[in-house]
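Chemist: My questions all concern the structure below.
The values are calculated or read from the model by the stated rules, or taken from the named source; none is laboratory data. On a predicted model such as this, the values are computed, not experimentally measured, just so you know. For neighbour counting, all protein chains shown are included, and Cβ atoms are generated from backbone atoms with ideal geometry for every residue, glycine included.
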Amino acid sequence: KAGVTQTPRYLIKTRGQQVTLSCSPISGHRSVSWYQQTPGQGLQFLFEYFSETQRNKGNFPGRFSGRQFSNSRSEMNVSTLELGDSALYLCASLATGGTEAFFGQGTRLTVV
Amino acid sequence: GEDVEQSLFLSVREGDSSVINCTYTDSSSTYLYWYKQEPGAGLQLLTYIFSNMDMKQDQRLTVLLNKKDKHLSLRIADTQTGDSAIYFCAENDKLIFGTGTRLQVFP
């Protein structure tokens, strides 16, 4: 059974650009959550999608958005990139009624 | 809003016990988790405890939960250098994670 797949693994963008990150959850998992991990702020919750609907949202500006497709794959978009958006972006998938969230290896975004 | 807090660093000698602490605010969680992140890797579930339990033991790991004080701890007995990692606690209602505690084990 394939794990959670995030693409790309590494990305370098310049300030002002936008970026789209992708997450394919474990087959059968309908919940996908996104997190931003930085050395200073730890792991911060961005949003959670379940069955194509955003179920929960963290405290991030509107430049951060996401969506989920009917096959449960999720994308996260960041517009007008800032230097402070440089981070490891992790997604996690969870089975309905499951107790364990499975994480991908993350996408490391560097904004220059 | 919900919040989960941890101390940032812990340094222990190999063979000693490590205790990582966590406080949370959301009392509606069904489970509380401990995840481990090794360098360059994603997070992996280490153990979890139901919110109606006080303690759970799993080999070298002991989880203690004080619901009244909303305090969760992870004790690692006989800490090894391979235990060096970042440890995150999380509550399951919205899967909110703490800032992570970086455990460093030295010989």
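Chemist: May I ask you to list the residues in segment A:12-49 that are over 28 Å from B:C22 (Cα atoms), surrounded by 15 or more Cβ atoms within 10 Å (Cβ to Cβ) and either within 12 Å of chain B (Cβ to nearest Cβ) or among the basic types (K, R) (or both)?
Modeler: Selection gives A:K13, A:C23, A:R30.
Okay, residues lined up against (1) within 12 Å of chain A (Cβ to nearest Cβ); (2) closer than 25 Å to A:T5 by Cα; (3) among the basic types (K, R):
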site	(1), (2), (3)
B:S27	no, no, no
B:Y31	yes, no, no
B:D54	no, no, no
B:T81	no, no, no
B:F88	yes, yes, no
B:L95	yes, yes, no
B:G98	yes, yes, no
B:R102	yes, no, yes
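Chemist: Given the conditions (1) closer than 21 Å to B:C89 by Cβ; (2) within 11 Å of chain B (Cβ to nearest Cβ), report the number of the one that A:A87 does not fulfil.
Modeler: (2)
Chemist: Are any residues in segment A:1-40 within 16 Å of the chain's Cα centre (by Cα) and of a type in the set (G, A, S), and if so, which ones?
Modeler: Matches in segment A:1-40: A:G3, A:S22, A:S24, A:S31, A:S33.
Chemist: Where in chain B are the strands (runs of 3 or more DSSP E), entirely inside, with at least 3 residues that are surrounded by 13 or more Cβ atoms within 10 Å (Cβ to Cβ) and at pLDDT 90 or above?
Modeler: Working: elements: B:4-6, B:9-13, B:18-24, B:31-37, B:43-50, B:55-58, B:61-66, B:71-76, B:85-91, B:101-106.
In chain B, B:18-24, B:31-37, B:43-50, B:61-66, B:71-76, B:85-91, B:101-106 are the strands (runs of 3 or more DSSP E) which contain 3 or more residues that are surrounded by 13 or more Cβ atoms within 10 Å (Cβ to Cβ) and at pLDDT 90 or above.
Chemist: Another question, then. As an exercise: evaluate A:S74 against (1) away from chain B (no Cβ under 14 Å); (2) touching a Gly at 6+ places or on another chain (Cβ under 7 Å); (3) within 24 Å of A:V112 (Cβ to Cβ); (4) hydroxyl-bearing (S, T, Y) and give the number of the one condition it does not meet.
Modeler: Failing condition for A:S74: (3).
Chemist: Taking the options A:T107, A:T99, name whichever one is among the hydroxyl-bearing types (S, T, Y), surrounded by 21 or more Cβ atoms within 10 Å (Cβ to Cβ) and within 14 Å of chain B (Cβ to nearest Cβ). Lay out the reasoning, then the answer.
Modeler: Working: A:T99 fails: surrounded by 21 or more Cβ atoms within 10 Å (Cβ to Cβ).
On inspection, the qualifying residue turns out to be A:T107.
Chemist: A further question on this structure: Take A:S93 and tell me if it is within 15 Å of the chain's Cα centre (by Cα), small (G, A, S), surrounded by 16 or more Cβ atoms within 10 Å (Cβ to Cβ) and within 13 Å of chain B (Cβ to nearest Cβ). Before you say what the answer is, go through the steps one by one.
Modeler: Values: within 15 Å of the chain's Cα centre (by Cα): yes; small (G, A, S): yes; surrounded by 16 or more Cβ atoms within 10 Å (Cβ to Cβ): yes; within 13 Å of chain B (Cβ to nearest Cβ): yes.
When the stated conditions are applied, A:S93 passes them.
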